[in-house]
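The values are calculated or read from the model by the stated rules, or taken from the named source; none is laboratory data. Values in this document were obtained by computation on a predicted structure and should not be read as measured data. Positions of Cβ are backbone-derived with ideal geometry, glycine not excepted, and every protein chain shown enters the neighbour counts. Accessible surface is based on the protein model in full, side chains and every heavy atom, while ligands, DNA and RNA are left aside. Shrake-Rupley method; radii C 1.70, N 1.55, O 1.52, S 1.80 Å.
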Amino acid sequence: MPGQVKRLLIFVVIICVLFVVSRVLLVPEGFGKYGHYRATAIDTIIALPINYAGHIVCNDCHDDIAETKDASYHQGVNCESCHGPSNDHVQSLEEDEIILPSAPRDRNQCSICHAYSPAKATGFPQIDVVTHNPVKPCISCHDPHAPDPPSVIGGCIACHRGITRTKALSAHSNIECNECHTTQDEHMVNPRAFRPDKPRSRDLCGKCHAKGATSETFTKKVDMTEHGVGYLCWQCHFPHHPEAN
Amino acid sequence: MEGIEQLPEILRLASGYIYPNEAELHWGFLVVIYPYLTGLVAGAFILASLVKVFNVKALLPTYRLSMLTALSFLIVAPLPLLAHLGHPERSLQIFLTPQPKSAMAMFGFVYAWYLMMVLLAEIWLEYRIVLIEKGRTKKGLKKLFYKFVSLWDTDTSKKSIIFDHKAIHFITLVGIPSAFLLHGYVGFIFGAIKANPWWSSVLMPVVFLFSAIVSGIALVLILYTLTSLFKSRPIDMKCLEKLAAFLLYALLVDFSLEMLDFIHRLYESEESIEILGHMITNRLFISLIIVQMLLGTIIPLITLSILHIKKDMPVEFRRLGYLIAAVLIQMGIFSTRWNVVVGGQLFSKSLRGLTIYKVEMLGTEGLFMGILLLVLPLIILYFVAKILPMWQDDPVVDSGTK
């Protein structure tokens, strides 16, 4: 065998030996026992703290809630996806001081799942968080454990959704529609034939906003003889969304 | 990769509908550099093999240059990946616990095989006599160094030199498929991602390979011209003409393959075609249409063809023409890599929107890091050339083909 081949071979053999030795030394113990990973990784993972208890445990004590929920639209939603990791709650029940899980009551919690997103599967109940009954907490209308829509939509919102929702956000949110519009019952079933009247006079607004009116003191008052004379109030202010700075 | 803070900014610039996890590109600038570097390696090596296997004597002056270029670029090739992934020490795991089912995890072995069994072996045999000579004449630490790199060999007999030539011939034979493997592998990684219509194509490894050959030849041409200029060595015009001829042929094949891929996609007109068309005309207009197609392919093709046909132009003019064409090609191939890597992540899998990509300046994935990684091989080449003489006429014993 030519000399150079011998030398190269020795070199290659040294590298191979180094490789084999380092494999023996460096490959972690138990590698490949169950699969392409370290068998002891399982122990490492077992040693991690447990955060979630799983929903089956909850049923032992909160069986009433579990029953309602399992019959509702939220049957597929795990308790802890709303109440957060609750293992410490379950563990703490055997001790003196009970740790209570959080019960998220604000609108953001429900929006995680129900806010409108075009990527969501068709048919999943979605709402526009900004316009869907704004400001009020979701749970004031929907029971989180049985979230059926509370009522079939009725009243003026069934047909005048835009105006109703605009008004709901405005300074006039607490004023009923009928305060400004007199509506016959027939309008609700035969709307075009029976139209409610539209306000015609400044006095309507003056009822509450005129100097000396009997409305609450926080309602801002204007001098009806000077303020915007010659115009109807709603030629300058939106009646359903009044603003003034 | 600041991630979430940049999200609103990115989403503002994105157009159409994209999934939230598509806003930010995960394979950035450094992953563009990686296939570019391996391509240069494979290309330079294949050029060298023309001398040894196909006996193209005219290219002999560039044989050593291409081998050393391949080596320097190969040393740097994995660095962008290490910088991109972080935790370089973990890269050794792919050797210690090989996972044969993952193409990506096998990279270490493809790389090691090519570096050790092909490049280093061939270079060692080529320079064996030189190293022995230097080991004899140098003093002190240098002597020890040369003794070590020559593996304490002392045999300079005629017989052993003839054996060297035979062995080199054999290694090059093994080396060609290995070089194909190295770069075809990179194309394979992309081509095998079936969820991505921009990448998923069986042509991908082949296209990568030929663009690799093009870029390798162009690089050697540039380096040959420039080093000759700075060392004021006369340029061997026959060699340069041959290089340019091969560059032209390779570019032609590469161009046809890319056109084939393009027409194939157009004709097939899968549902992705609309968004891809949108991407090409919007996001990739400069890098694909202008730099890759026009500057990087069509103009060099025309220049090289004219110089190929009209042989009676003045030598200086031809040299300049070749140099410019090669530099343009280099830019074009870099754009090709950019368009493949970045382009594949710009469009949404919903096929309804495009995101954007901006290179950072600083940081391990930034522009400066990238530039460093592109310059580093040249610095390495400079030092390697200090140890291993680059030109056929300075070494002690000739090493031409038999």
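The ellipsoid that matches the Cα gyration tensor of the protein assembly as shown has semi-axes, each √(5λ) in whole angstrom, of 73, 35, 21, with the longest given first. Here is the tail figure for region A:55-150: Cα pairs spaced more than 21 Å apart come to 40 percent of all pairs.
Region A:24-78 and region B:217-254 have Cα centres lying 63 Å from one another. Taking only Cα atoms and a 10 Å spring cutoff, compute GNM fluctuations for chain A and point out the largest among A:V12, A:V189, A:V229. Highest fluctuation among the options: A:V12. Using the Karplus relation 6.51 cos²θ - 1.76 cosθ + 1.60 with θ = phi - 60°, the per-residue 3J(HN,Hα) values for region B:328-342 come to 4, 4, 4, 4, x, 5, 4, 4, 4, 4, 4, 5, 5, 5, 6 Hz, with x marking Gly and Pro. When the inverse distances between all different Cα atoms of region A:3-47 are averaged and flipped, the Kirkwood radius reads 12.8 angstrom. Taking θ as phi - 60° and the Karplus parameters 6.51, -1.76 and 1.60, the scalar couplings of region B:379-386 work out to 5, 4, 4, 4, 6, 4, 5, 5 Hz in sequence order, x denoting glycine and proline.
The GNM of chain B, with springs linking C-alpha atoms under 10 angstrom apart, assigns the highest mean-square fluctuation among B:E126, B:E241, B:E316 to B:E316. Amide H contacts of B:G353: B:Y17, B:S348, each under 5 Å away and 5 or more positions distant or on a separate chain (H built 1.01 Å from N in the peptide plane; Pro and chain starts excluded).
State, in square angstrom and to the nearest 100, the accessible area buried between chains B and A, both chains counted, probe radius 1.4 Å.
Values: alone 19500 and 19300 Å², together 37220 Å².
So the buried area, both faces added, is about 1600 Å².
Residues of region B:144-160 that lose at least 50 Å² of accessible area (1.4 Å probe, protein heavy atoms only) when the other protein chains are present, relative to their chain alone, are B:L151. Computed on the Cα trace of chain B, the radius of gyration divided by the Kirkwood hydrodynamic radius gives Rg/Rh = 1.00.
Between A:R23 and B:M106, take the C-beta separation as r, use R0 = 22 Å, and let me know the FRET efficiency to the nearest 0.05. Rounded to the nearest 0.05, the efficiency is 0.85. When you filter the trypsin sites (Lys or Arg not before Pro) in region A:90-130 for DSSP loop state and at most 16 other Cβ atoms inside 10 Å of their Cβ, you are left with A:R105, A:K120. Please give the FRET efficiency for A:S92 paired with A:Y34, using the beta carbon to beta carbon distance and R0 = 25 Å, rounded to the nearest 0.05. That gives a FRET efficiency of 0.10.
Classify region B:254-402 as rounded, prolate or oblate from the Cα gyration tensor: take a ≥ b ≥ c as the square roots of its eigenvalues, call it rounded if a/c is under 1.5, otherwise prolate when a/b beats b/c and oblate if not. It comes out oblate by the Cα gyration axes. Calculation over all alpha carbon pairs of region B:245-337 in 10 angstrom steps from 0 returns a P(r) of 16, 42, 27, 12, 4, 0 percent. Spatial offset of region A:102-180 relative to region B:316-342 amounts to 61 Å, using the alpha carbon center of each. Comparing the full protein assembly with the isolated chain (1.4 Å probe, heavy atoms, ligands and nucleic acids excluded), the residues of region B:96-126 losing at least 20 square angstrom of accessible area are B:L96, B:T97, B:P98, B:Q99, B:M116, B:M117, B:W124. Placing +1 on the Cβ of every Lys and Arg and -1 on the Cβ of every Asp and Glu, with no other charges, gives chain B a dipole of roughly 1640 debye about its Cα centre. Based on Cα contacts under 8 Å between residues 6+ apart, region A:55-150 shows a relative contact order of 31 percent. Short-range pairs are left out: with C-alpha atoms under 8 Å and at least six residues apart, the relative contact order of region B:155-212 is 28 percent.
Counting only heavy atoms of the protein chains and using a 1.4 Å probe, A:C159 has close to 110 Å² of accessible surface. With both labels modelled 7 Å from their Cα along Cα-to-Cβ, the A:D148 to A:D70 distance reads 1.9 nm. Probing with 1.4 Å while keeping every protein chain in the model, the per residue accessible area of chain B equals 47 Å². Between the listed residues B:L60, B:Y224, B:M313, the Cα displaced farthest toward the positive end of the dipole of chain B, a dipole computed from Cβ unit charges relative to the Cα centre, is found at B:L60. If you roll a 1.4 angstrom probe over the protein chains with everything in place, what fraction of the accessible area of chain B belongs to carbon and sulfur, to the nearest %? The value for chain B is 72 percent carbon and sulfur by accessible area. Taking every residue in A:4-11 and counting other chain Cβ atoms within 10 Å of its Cβ, the average works out to 5. List, in the order given, every pair from B:K52/B:K231; B:K166/B:K386; B:K194/B:K242; B:K159/B:K242 whose Cα-Cα distance in the structure shown is over 30 Å. Correct reply: B:K194/B:K242; B:K159/B:K242.
Calculated mean residue ellipticity at 222 nm for chain A: -9500 deg cm²/dmol, from DSSP H runs with n ≥ 4 weighted as -39500 (n - 2.57), summed, divided by the residue count and rounded to 500. Once the C-beta distance of A:H62 and A:V135 is scaled by a Förster radius of 30 Å, the resulting FRET efficiency is 0.50 to the nearest 0.05. Within chain A, all pairs of alpha-carbon atoms sorted by distance into 10 Å bins from zero give the percentages 5, 16, 17, 15, 13, 10, 7, 6, 4, 3, 2, 0.
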